[in-house]
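One structure below.
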Amino acid sequence: MKLIIASNNKHKIYEIKKILGGCFEEIVSLKEAGIDHETVEDGTTFMENAIKKAREISLLSGVAALADDSGITAHALGDEPGIFSARYSGGHGDDEANNALLIERLKDKDDKGAHYTCAMALSYPDGRLVTAEGFMYGSIIEEGRGERGFGYDPIFVPVGESRTVAEMTDEEKNAISHRGKALEELLLKLD
């Protein structure tokens, strides 16, 4: 069975292919599938956005589609940045500006705790839906470190670690990441 990942984010695609590679005959990105479609993420939760993306791509393509919506939440800031993680500073995907804004907003806060959330939805053309969720807890540091990863990884130190996620290998990150945990839960539901 073919699976379309409802994303063109090369980092996400790499992580998903690495974990789900044995479950599908072929796994492709939106671009590789020849689909030029942008889902309007107007849900109020990560899961609502993931389900909407997966269903739209599955209906458009006629094959199974996997979507995720993920982001980071700083505990001292309530729901921020939350579902707006990718566009926290205004523009979409400006990691440097997003990180700087989060550091600035946490500057005077004692609690630097935060967690990543990943909501994942797998939609089949017949309407079946499989969902999973994963979390990674840690804290925000004031200056980024590391060259790996993306998004908030350079300023996020997971619980029990002294390194940021951006300082970890792909294998280390996948073993503890919110996306890795969501994919593992999804794998259990697929068996």
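The values are calculated or read from the model by the stated rules, or taken from the named source; none is laboratory data. None of the values given here were measured: they were computed from a predicted structure. Note that we place each Cβ from the backbone using ideal geometry, even for glycine, and neighbour counts take in every protein chain shown.
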**Message:** On the basis of being among the β-branched types (Val, Ile, Thr) and within 22 Å of Glu142 (Cβ to Cβ), does Ile72 make the cut?
**Reply:** yes
**Message:** Given the condition in a helix (DSSP H, G or I) and under 18 Å from the mean Cα position of the chain (by Cα), answer yes or no: does some residue in the range 121-142 qualify?
**Reply:** no
**Asked** Does Glu25 qualify as being surrounded by 15 or more Cβ atoms within 10 Å (Cβ to Cβ) and farther than 30 Å from Ser139 by Cβ?
**Response** no
**Message:** Looking at the range 100-115, can you tell me whether even one residue there is touching a residue at least 40 places away in the same chain (Cβ under 8 Å), part of a strand (DSSP E or B) and either more than 28 Å from Glu25 (Cβ to Cβ) or polar (S, T, N, Q) (or both)?
**Reply:** yes
**Request:** Among what's in the range 146-158 and is charged (D, E, K, R) and surrounded by 15 or more Cβ atoms within 10 Å (Cβ to Cβ), pick the residue that is modelled with the highest pLDDT.
**Result:** Asp153
**Asked** If the Cβ limit is 6 Å and pairs must be 6+ apart or interchain, which residue in the range 168-191 that is of a type in the set (Lys, Arg) pairs with which residue that is outside any helix (DSSP H, G or I)?
**Response** Arg179/Cys118; Lys181/Gly134; Lys189/Val130
**Prompt:** Could you list, in sequence order, the residues of the range 132-167 that are in contact (Cβ under 8 Å) with a residue 60 or more places away in the chain, hydrophobic (A, V, I, L, M, F, W, C) and closer than 12 Å to Ser70 by Cβ?
**Reply:** Phe150
**Asked** Residues of the range 166-191 being closer than 13 Å to Ile16 by Cα, over 11 Å from the mean Cα position of the chain (by Cα) and among the aliphatic types (A, V, I, L, M), which ones?
**Response** Ala175, Leu186, Leu187
**Message:** Among the residues in the range 159-180, are any under 26 Å from Lys52 (Cα atoms), at pLDDT 95 or above and of a type in the set (D, E, K, R)?
**Reply:** no
**Asked** Given (1) assigned to a helix (DSSP H, G or I); (2) under 17 Å from Ala132 (Cα atoms); (3) in contact (Cβ under 8 Å) with a residue 60 or more places away in the chain, where does Ala67 come up short, assuming only one miss?
**Response** (1)
**Total residues in the range 74-92, condition part of a helix (DSSP H, G or I), surrounded by fewer than 19 Cβ atoms within 10 Å (Cβ to Cβ) and either over 16 Å from the mean Cα position of the chain (by Cα) or of a type in the set (Gly, Ala, Ser) (or both)** = 4
**Prompt:** Leu59 fails exactly one of the following numbered conditions: (1) surrounded by 13 or more Cβ atoms within 10 Å (Cβ to Cβ); (2) assigned to a helix (DSSP H, G or I). What is the number of that condition?
**Reply:** (1)
**Asked** Quick check, is Lys2 of a type in the set (D, E, K, R) and farther than 28 Å from Phe84 by Cβ?
**Response** yes
**Message:** Would you confirm whether or not the range 115-125 contains a residue that is within 16 Å of Glu15 (Cβ to Cβ), modelled with pLDDT under 95 and not charged (D, E, K, R)?
**Reply:** no
